[in-house]
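Just below is one structure, and these are the notes that go with it.
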Amino acid sequence: MSIVTVQLGQCGNQIGHEVFNAICGDVRGAHGLCSKKENESYRDACKERFFSEEESEVPVARAVLVDMEPKVISQTLSIAAGSGYWKYDDRSHFCQKQGSGNNWANGYSVHGPRHKEVIMNLVQKEAEKCDRLSGFFTMMSMAGGTGSGLGAFVTQCLRDAFPTSFILNHVIWPYGTGEVIVQNYNSVLTLSHLYQSSDALLVHENDVIHKICAQLMNIKQISFRDVNEVIAHQLGSVFQPTYTAGSGLHYSRNPLGDLMETLVPHPEFKMLGLRNIPQMPENSLAYSTFSWPGLLKHLRQMLIANAKMEEGIDWQVRPPHLGSSIPSSHSTNKPLHFNTSIANLVILRGKDMHSVDLGSFRDPSLYTSWLNPRDAFNAWKTPRAFNKYEKSASLVSNSKNLLKPLNSVVGKAWNMFASKAYIHQYTKFGIEEEDFLDSFTALEQVISSYTIL
Amino acid sequence: KGIYDEALSSFFRNVDARNGGDRPDIYKGKICSLKARALLIDMEEGVVNEILQGPLRDVFDSKQLITDVSGSGNNWAVGHKLYGYRYRESIVEKLRKTAEHCDCLQCFFIIHSMGGGTGSGLGTFVLNLLEDEFPEVYRFVTSVYPSGEDDVITSPYNSVLAMKELNEHADCVLPIENESLFDIVNKIHQMVNSGKLGSTVKQNSLVTSSAGGVKTVQEKPFDAMNNIVANLLLNLTSSARFEGSLNMDLNEISMNLVPFPRLHYLVSSLTPLYTLADVNVPSRRLDQMFSDAFSRDHQLIQADPKHSLYLACALLVRGNVQVSDLRRNIERLKPSLHFVSWNQEGWKTGLCSVPPVGHSHSLLALANNTCVKPTFIELKDKFMKLYKKKAHLHHYLHIDGMEQSCFSEAISSLSDLIEEYNELDATKGGPRTDPSRLKIA
């Protein structure tokens with residue numbers, strides 16, 4: 001089954017491009033470290049998922065590029081085609097000239113309805129190219145105007161037009177000390193709207209990835225390209241083909257559906273975080289060896305202690321003791337800083353993953369009480385190594401890990417809203433104070449739900 | 001001859017100059033003849049004629065001119081009411097023509113001075129017109145405010161009358177003061193002529209230079225100062241014209257820097273003022289560029305943003321500067337700056353890959369900061385000095401359409417604006433109590 005990617009705004013398009021680059025690079029590479037047959041299987045599954053075979057010498061990405069200004073898409077299309085390894089469909093994009101001015105209301109209430117037909121036609125065309133459509137992967141940032149506002153509108157349209165397909169939104173959480181002054185308003189409006197139409201939100205935080213670039217990748221002058229490459233690697237590590245428990249001897253065919261099934265048991269809890277280890281500069285890879293137990297031990301502690309990378313983990317944090325007489329519904333009994341999970345998914349890529357013991361992730365004390373621990377944890381695997389890493393482990397989790405950033409963004413937005421600053425910029429395009437209040441209410445509800453886990 | 005591309009088309013049309021240029025514009029390919037997307041308006045002919053005889057004569061379309069002979073006599077009422085009425089239709093018609101040649105019109109730049117009669121009076125008349133005829137197009141105004149020792153007696157009247165129009169009809173105003181431009185020119189002069197570093201300063205990197213431009217010789221004393229403003233506008237629009245990893249368009253500037261409709265006065269600063277010939281720029285020098293952007297002597301008006309209150313701040317970097325350089329410097333400089341309580345982390349940033357001619361990188365900082373207040377207060381004081389004595393009032397009042405109420409409304413508008421800044425300043429350094437969050441059932 002295939003995934004259609006919708007790249008929205010500057011961020012969505014820049015990252016989307018790196019993702020296809022990473023996926024293509026991975027498949028082309030001779031570092032599979034597995035049998036030729038395995039490699040071919042992997043490559044075919046990947047191709048079906050992300051690329052269409054058209055009368056073109058190179059694979060064509062299953063993607064729709066949307067932006068309200070032309071420069072980014074024009075660059076993205078030409079760089080991809082220039083690589084010689086893959087390209088975008090020349091017709092599968094839509095731009096305007098004006099941009100959205102970082103204004104969510106402009107993206108959502110003006111550009112959205114105005115260009116709905118054209119954009120949905122492009123999506124429909126891509127969907128029709130798929131033998132079987134697994135769903136949509138939309139890529140956007142929350143801080144700007146197009147990705148956020150138009151992105152929210154398009155997600156709604158996707159839901160209306162494809163009621164049975166899965167929709168996963170990849171959302172970029174902006175740097176805390178601003179890229180855009182009204183980013184907190186835009187974020188609140190985006191998240192509250194996406195929550196209604198999307199199946200799940202997979203979040204990457206710029207601050208976190210920046211730290212990975214600085215401390216793990218040792219990059220001195222970090223550019224957005226560096227940040228995007230790390231994000232692309234992490235996404236590739238999740239969405240490249242794997243075997244699931246139910247897929248038997250074939251690579252699983254429904255990645256989005258499987259993801260939703262394992263991680264989103266309840267519509268109130270849709271925020272997914274992603275961790276991947278190891279991460280290091282390419283030239284260090286040759287000198288490093290990894291063991292699965294070592295990788296998994298770190299990954300588990302990263303989950304529990306809410307660490308976002310493998311350095312600086314707080315090893316003191318421990319899951320609470322189960323079986324004590326205190327009722328488990330009391331959130332205060334959970335030790336401070338412990339990150340409770342609803343569900344987790346571990347993805348292992350590389351040799352000898354068959355023998356890996358994942359029992360530590362099945363520990364019921366990691367989870368809330370309302371899911372059977374058997375159901376709360378799943379694992380996907382493949383012996384085929386990913387992107388030159390001999391062994392690579394990823395963790396996608398539905399847990400409290402995004403509570404703090406969410407609370408922070410809502411708090412700052414509320415603070416600004418109380419002074420009414422910038423509101424006139426939104427009302428100018430049809431988003432009123434009541435719409436803001438609705439969004440705040442919706443998010444306070446989400447915060448409350450995650451808090452009492 | 002070069003290629004006509006998107007970047008050029010933002011400010012120029014490409015026409016086939018044969019046969020009077022009535023053929024359709026050429027959208028792609030080689031440059032044939034560039035025509036500025038501009039209207040030149042002056043009520044006396046001297047300046048415009050000079051331009052039309054100079055090296056830029058082919059760039060300005062003679063059909064895009066509106067001139068008269070006698071000037072406005074440094075009288076806002078003559079410019080606004082008399083000439084406004086007389087030339088309204090002609091201006092609208094030419095604007096429409098120019099707009100029609102645009103694929104997608106995003107913004108008008110109005111460039112004028114506040115102290116005279118034409119720029120101030122007719123200029124603000126045109127501003128009104130633009131709002132009426134093109135309500136959805138942004139209006140950015142670059143206004144040169146009168147300097148301390150300005151010799152036009154009526155400049156306070158003209159400036160205050162114009163301020164009311166700017167308050168009500170501009171989206172963003174970039175105030176400029178000649179004193180600041182002059183100080184910068186002098187500073188560079190000293191740098192270039194001093195013994196130690198003089199020889200290593202790259203001439204074409206001066207912020208006062210018109211390097212890369214058509215004119216090769218700076219003749220007039222104002223040329224150097226005006227080039228600073230030209231570079232300001234170039235940097236402001238760079239991200240809209242060239243690619244970068246984090247684009248910042250003009251409508252984003254308006255969106256992020258104007259929290260309340262009337263508080264749209266932005267203090268600008270440009271760095272570096274010059275580059276040394278040494279091409280390798282260690283990050284320390286890059287950091288110096290960021291520090292300079294906040295220093296008093298790099299601002300284009302007489303103001304000190306560091307000691308006043310920031311409502312919002314934008315940093316547009318050009319050249320080989322990456323997001324980590326931006327973050328590092330924001331973190332470093334933040335503690336020494338005062339931001340309003342509801343916008344503690346209020347930064348808008350942009351990264352454009354293409355640096356200005358002669359530089360490897362540059363920075364434009366735009367601040368919505370209460371440090372504009374002294375400029376306005378001074379304007380008000382000078383106005384009141386004249387107004388109390390009714391000095392020169394008759395020159396204005398005898399113009400058709402001009403009444404005493406125009407004056408009282410104008411000064412009232414300015415007073416209200418000053419009061420808004422006062423209220424914000426009063427919150428500076430005060431205790432911060434965040435509003436309590438929504439409680440859900």
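The values are calculated or read from the model by the stated rules, or taken from the named source; none is laboratory data. Quick caveat: nothing in here was measured; it's all calculated off a predicted structure. FYI the Cβ positions are ideal-geometry reconstructions off the backbone, even for glycines, and counts take in every protein chain you see.
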So which residues in the range B:316-326 are within 12 Å of chain A (Cβ to nearest Cβ) and among the small types (Gly, Ala, Ser), if there are any at all? B:Ser324
A:Glu126 fails exactly one of (1) at positive phi; (2) in contact with a Ser or Thr (Cβ under 9 Å, 6 or more places away or on another chain), namely (1)
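Condition check ((1) in a strand (DSSP E or B); (2) aliphatic (A, V, I, L, M); (3) under 14 Å from the mean Cα position of the chain (by Cα)) across all residues:
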residue: A:Val171; (1), (2), (3): yes, yes, yes
residue: A:Val238; (1), (2), (3): no, yes, yes
residue: A:His250; (1), (2), (3): no, no, no
residue: A:Thr262; (1), (2), (3): no, no, no
Options B:Glu378, B:Glu345, B:Glu331, B:Glu419; residue that is under 27 Å from A:Cys11 (Cβ atoms), of a type in the set (Asp, Glu) and within 26 Å of the chain's Cα centre (by Cα): B:Glu345
If A:His233 satisfies all but one of (1) more than 14 Å from every other protein chain (Cβ to nearest Cβ); (2) surrounded by fewer than 22 Cβ atoms within 10 Å (Cβ to Cβ), what's the number of the condition it fails? (2)
So is A:Gly12 in the same structural domain as A:Met139 (by the TED database), surrounded by fewer than 20 Cβ atoms within 10 Å (Cβ to Cβ), over 24 Å from A:Leu285 (Cα atoms) and small (Gly, Ala, Ser) or not? no
Would you call B:Asn186 part of a helix (DSSP H, G or I) and surrounded by fewer than 21 Cβ atoms within 10 Å (Cβ to Cβ)? yes
Does B:Phe260 satisfy being at pLDDT below 90, over 20 Å from B:Leu351 (Cβ atoms) and of a type in the set (Phe, Trp, Tyr)? no
Expected single match for in contact with a strand residue (DSSP E or B) (Cβ under 8 Å, 6 or more places away or on another chain), of a type outside the set (Phe, Trp, Tyr) and away from chain B (no Cβ under 11 Å) among A:Gly273, A:Gly178, A:Gly248 is A:Gly273
Those residues of the range B:248-275 which are surrounded by 22 or more Cβ atoms within 10 Å (Cβ to Cβ), facing chain A (nearest Cβ under 8 Å) and assigned to a loop (DSSP other than H, G, I, E, B) amount to B:Asp249, B:Val258, B:Pro259
Only one of (1) part of a loop (DSSP other than H, G, I, E, B); (2) farther than 19 Å from B:Leu393 by Cα fails for B:Ser72. Which number is that? (2)
Some residue of the range B:279-287 being over 25 Å from B:Thr370 (Cα atoms), in contact (Cβ under 8 Å) with a residue 12 or more places away in the chain, among the hydroxyl-bearing types (Ser, Thr, Tyr) and in contact with a Phe, Trp or Tyr (Cβ under 8 Å, 6 or more places away or on another chain): no
Conditions (1) within 23 Å of the chain's Cα centre (by Cα); (2) part of a helix (DSSP H, G or I); (3) not aromatic (Phe, Trp, Tyr): number failed by B:Gln288: (1)
From the list A:Ser141, A:Ser187, A:Ser148, which one is crowded, with 23+ Cβ neighbours inside 10 Å, in contact with a Phe, Trp or Tyr (Cβ under 6 Å, 6 or more places away or on another chain) and either closer than 16 Å to A:Gln14 by Cβ or within 14 Å of chain B (Cβ to nearest Cβ) (or both)? A:Ser148
Looking only at the range A:72-95, filter to residues that are buried (at least 18 other Cβ atoms within 10 Å of the Cβ) and touching a Cys at 6+ places or on another chain (Cβ under 9 Å); which one of those is farthest from the other protein chains (Cβ to nearest Cβ)? A:Trp86
Does the range B:24-34 include one or more residues that are modelled with pLDDT under 90, under 24 Å from the mean Cα position of the chain (by Cα) and over 30 Å from B:Tyr396 (Cβ atoms)? yes
Tell me, which residue of the range A:405-416 that is surrounded by fewer than 21 Cβ atoms within 10 Å (Cβ to Cβ) and touching a Phe, Trp or Tyr at 6+ places or on another chain (Cβ under 7 Å) is nearest to A:Ile181 (Cα to Cα)? A:Asn415
Would you please name the residue that is nearest to the other protein chains (Cβ to nearest Cβ), looking only at residues in the range A:214-229 that are outside any loop (DSSP other than H, G, I, E, B) and under 19 Å from B:Gly244 (Cβ atoms)? A:Phe224
So in the range A:417-443, with the set limited to residues that are surrounded by fewer than 19 Cβ atoms within 10 Å (Cβ to Cβ) and either touching a Lys or Arg at 6+ places or on another chain (Cβ under 6 Å) or within 7 Å of another protein chain (Cβ to nearest Cβ) (or both), which one is nearest to A:Met271 (Cα to Cα)? A:Thr441
Scan the range A:392-406 and tell me whether some residue there is within 14 Å of chain B (Cβ to nearest Cβ), within 20 Å of A:Ala442 (Cβ to Cβ) and in contact (Cβ under 8 Å) with a residue 60 or more places away in the chain. yes
When you check A:Glu38 against the structure, is it assigned by the TED database to the domain that holds A:Ile73, within 23 Å of A:Leu133 (Cα to Cα) and charged (D, E, K, R), yes or no? no
Count of residues meeting criterion [of a type in the set (Phe, Trp, Tyr) and surrounded by fewer than 18 Cβ atoms within 10 Å (Cβ to Cβ)] in the range B:35-90: 1
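Each row is one residue, and each column tells you yes or no for (1) more than 15 Å from the chain's Cα centre (by Cα); (2) at pLDDT 95 or above; (3) β-branched (Val, Ile, Thr).
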residue	(1), (2), (3)
A:His193	yes, yes, no
A:Asp199	no, yes, no
A:Val208	no, yes, yes
A:Val227	no, yes, yes
A:Tyr243	yes, no, no
A:Gly246	yes, no, no
Among residues of the range B:327-343 being facing another protein chain (nearest Cβ under 9 Å) and closer than 23 Å to B:Arg296 by Cβ, the residue surrounded by the fewest Cβ atoms within 10 Å (Cβ to Cβ) is B:Glu331
Out of the residues in the range B:97-118 that are surrounded by fewer than 16 Cβ atoms within 10 Å (Cβ to Cβ) and touching a Phe, Trp or Tyr at 6+ places or on another chain (Cβ under 9 Å), state the one that is nearest to B:Val160 (Cα to Cα). B:Ala99
Can you tell which of B:Cys313, B:Cys371 is within 14 Å of another protein chain (Cβ to nearest Cβ) and either buried (at least 20 other Cβ atoms within 10 Å of the Cβ) or not in a helix (DSSP H, G or I) (or both)? B:Cys313
